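Please read the structure below before turning to the comments.
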Amino acid sequence: MTDRIKKLCAYLGVCSTFADVGCDHGYCTLYMLESGLCNNAVISDISAPSLAKAERLLKDYTAGRVKAVCCAGLEKVPECDLVLIAGMGGEEICSILKNAYIPRSFVFQPMKNAKKLREYLLLNGACISVDEPFESGGKFYFVIKGGAGGRFLSYTQAELQFGKNLGGETTKKYIQSELKKKRSYLERGLSDMERRRLEQEIRFSEGVLNGEIK
């Protein structure tokens, strides 16, 4: 189990039936079962070889407790108490939700385009309870946790870009890392339009970092 997966698992909670969509090796489901956090689980993956790896890992639990389905997204996944979708791009997660539904309780970990996922969830009535980055192996990953319905939370433009925990130390480190990248891009040969856009993004990130923009 990688450090990223270990840190992601800390965001998972107690439920009756857990679904791991795009389960890959099945480590998150193993964590849920071994920790006694769920009674039953559904594992799914579009890749039959990946799903077979997860089934081998979970062979001690497959008799009656784990159902494996080979499908795209939530296509053949029955409604569960908690759905995890991790390790995909934000746009891909949005596509999965558009073709199915927003789960009653979810944990999403987009590898990129977290802003697009936030916007989709908010526009479609989801309630977000946790939205923050964690660091693993020198990289930053966002966790977006919540469920369908519930109390609506408004987001500022800064929060859409960087998550709800703007004052958190990990968020600040993430913004600093993004600023370093963008400043290095200014040294490249850019068109006037590209340079102006990048300079605007840098000013916005600096404003969020120093607290001028909330």
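The values are calculated or read from the model by the stated rules, or taken from the named source; none is laboratory data. This one's a predicted model, so the numbers in the text were calculated from it and none came from an experiment. In this analysis, Cβ positions are derived from the backbone assuming ideal geometry, glycine residues included, and neighbour counts consider all displayed protein chains. Protein only, heavy atoms only, side chains kept; ligands, DNA and RNA dropped before computing areas. Shrake-Rupley method; radii C 1.70, N 1.55, O 1.52, S 1.80 Å.
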Inset, instruction - Working only within the range 14-32, note down all residues that are open to solvent by 10 Å² or more (accessible area, probe 1.4 Å), closer than 20 Å to Pro103 by Cα and more than 17 Å from the chain's Cα centre (by Cα). - result: Val14, Cys15, Ser16, Thr17
Legend entry - Residue tally, condition open to solvent by 60 Å² or more (accessible area, probe 1.4 Å) and touching a Cys at 6+ places or on another chain (Cβ under 8 Å), over the range 134-187: 3
Inset, instruction - Could you pull out the residue among Tyr120, Tyr61 that is hydroxyl-bearing (Ser, Thr, Tyr), within 21 Å of Gly26 (Cα to Cα) and either modelled with pLDDT under 95 or part of a helix (DSSP H, G or I) (or both)? - result: Tyr61
Legend entry - Meets criteria (part of a strand (DSSP E or B), in contact (Cβ under 8 Å) with a residue 40 or more places away in the chain, hydrophobic (A, V, I, L, M, F, W, C) and surrounded by 16 or more Cβ atoms within 10 Å (Cβ to Cβ)) for Phe108: no
Legend entry - Residue satisfying condition, being charged (D, E, K, R), touching a residue at least 60 places away in the same chain (Cβ under 8 Å) and out of contact with any Pro (no Cβ under 7 Å at 6 or more places or on another chain), within set Asp60, Asp81: Asp81
Legend entry - Checklist (1) under 27 Å from Ala114 (Cβ atoms); (2) open to solvent by 10 Å² or more (accessible area, probe 1.4 Å) applied to Lys59, failing item: (1)
Inset, instruction - Could you grab the pairs with beta carbons closer than 8 Å, sequence gap of 6+ or different chains, first residue in the range 178-190 and in contact (Cβ under 8 Å) with a residue 24 or more places away in the chain, second one surrounded by 10 or more Cβ atoms within 10 Å (Cβ to Cβ)? - result: Glu178/Ser205; Leu179/Ile202; Leu179/Ser205; Leu179/Glu206; Leu179/Leu209
Legend entry - Qualifying position, being of a type in the set (Val, Ile, Thr) and within 20 Å of Tyr11 (Cα to Cα), among Val208, Val130: Val130
